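S.K.: Quick one: this structure, given as structure tokens, is what I'll be asking you about.
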């Protein structure tokens with residue numbers, strides 16, 4: 001396995017540019033200014049609004065449960 005390692009390395013040039021793959025950006029991944037201003041984290045404005053409302057409701061429910069457990073709020 002490692003018998004001819006030094007010979008193989010010295011026979012082949014270290015920086016062989018012909019074998020290396022050339023960088024090409026994938027299709028559809030180009031930077032667009034309009035997507036940057038309208039999409040944050042890949043979501044539309046309505047999707048972000050729904051996420052924020054759900055987080056707000058979860059915070060309210062957790063806060064109300066905490067008040068009930070600690071006895072600061074009772075029915």
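Any read-out appearing in this document is the output of simple, stated calculations on the displayed coordinates, not a laboratory observation. Just so it is clear, the model here is predicted, and its values are computed rather than measured. So basically every Cβ, Gly included, is an ideal-geometry build from the backbone, and we count neighbours across all protein chains shown.
S.K.: In nm, to one decimal, how far is the residue 8 label point from the residue 70 one, both placed 7 Å along Cα→Cβ?
M.R.: Those two pseudo-labels are separated by 6.7 nm.
S.K.: When ranked by the protection proxy of mean other Cβ atoms within 10 Å per residue, highest first, what sequence do the peptides 22-28, 42-48, 2-8 form?
M.R.: With the highest mean Cβ count within 10 Å placed first, the list reads 42-48, 2-8, 22-28.
S.K.: Provide the FRET efficiency to the nearest 0.05 for the residue 26-residue 47 pair, computing r from the beta carbons and using R0 = 25 Å.
M.R.: The pair residue 26/residue 47 has a calculated efficiency of 0.55.
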